[in-house]
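Below is one structure, written out as structure tokens; the observations come after it.
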Amino acid sequence: MLHSFTRNYNDLSTEAGFQFEFFCDCCGNGVKSTFIPSSTYKKQQNSRSFGRLASAVGRMIGGAAGDIGYALERGSDAVGNRFEGRSPEWRKEYEKAFDAAQEEVRSQFLKCPSCNKWVCSDCWNEDEELCTDCAPREAGYVAKARSEAMRRNIDQAAENAQVWKGKIENRTTVCPECGKPAGNGKFCNNCGAPLNMQKCPSCGASVAAGLKFCGECGAPLQTKTGKCPKCGYQNDADMKFCGECGTKL
């Protein structure tokens with residue numbers, strides 16, 4: 001007989017009987033066959049029991065009966081050892097039980113004509129008469145496709161989202177005295193000069209920040225342009241109020 005399930009079953013058989021579990025090729029769900037007792041194992045157990053009983057009776061009455069019982073027990077042990085080694089009788093039972101188990105569970109599986117997989121009813125597309133691997137159900141496939149598209153859209157939106165609007169700058173304070181990077185303190189890390197100094201636009205001398213005139217040449221450090229901060233009109237530098245809108249300069 002050709003075996004329908006050759007790659008998707010689990011053998012649960014023991015010396016005492018036969019049972020198999022068959023699996024769906026798609027989802028892996030299993031169905032167990034009915035346990036079939038081994039007739040050879042039952043005969044073996046009966047033989048062992050009779051041998052032990054006869055041996056016990058022989059020991060009680062002595063003589064030849066004891067020898068007969070001992071021989072029967074030895075013979076039953078030999079038969080048991082042979083069954084433990086998978087005797088031909090046991091193997092015939094196994095093959096017959098395996099075929100019967102396949103016939104029992106066959107109604108629980110359907111064979112896909114496209115991929116030749118044996119699948120359960122949950123993995124069978126009734127409309128297309130194919131397994132769901134070859135012909136996914138439309139509703140489920142559409143829902144899956146929409147979910148995957150949604151994830152792609154979210155990932156793309158997150159990739160293009162601007163979550164920080166600051167400027168990436170490398171701010172390095174240069175010492176006005178030695179011209180080297182001065183660090184983040186109030187004094188230069190190289191020469192110790194104060195970092196809040198400014199240079200006079202006239203003579204180039206270093207002047208403390210906040211002074212209006214250079215202490216070296218007397219030149220003004222902050223010159224008035226006359227431009228109105230409100231309307232933008234260009235006034236004369238010595239005017240105190242804007243001639244266009246009257247704003248204080």
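Here are some notes:
- FRET efficiency, Gln19 to Ser121 (Cβ-Cβ, R0 25 Å, nearest 0.05): 0.65
- Shown is the FRET efficiency for Lys227 and Ser202, computed with R0 = 35 Å from the Cβ-Cβ distance and rounded to the nearest 0.05: 0.95.
- Cross-link check: pairs Lys199/Lys248; Lys165/Lys227; Lys165/Lys248 evaluated at a Cα-Cα cut-off of 30 Å; pairs beyond the cut-off: Lys165/Lys227; Lys165/Lys248.
- The aspartates and glutamates within cross-link reach of Lys186, meaning a Cα-to-Cα straight distance under 13 Å and a gap of 8 or more places when in the same chain, come to none at all.
- Inter-site label distance for Lys111 and Gln156 at 7 Å from Cα along Cβ, in nm: 4.5
Each value in this text was obtained by applying a stated rule to the coordinates, not by laboratory testing. Computed from a prediction, not measured in an experiment: that's the story for all the values here. Heads up, the Cβs are rebuilt from the backbone with ideal geometry, glycines too, and the neighbour counts pull from every protein chain shown.
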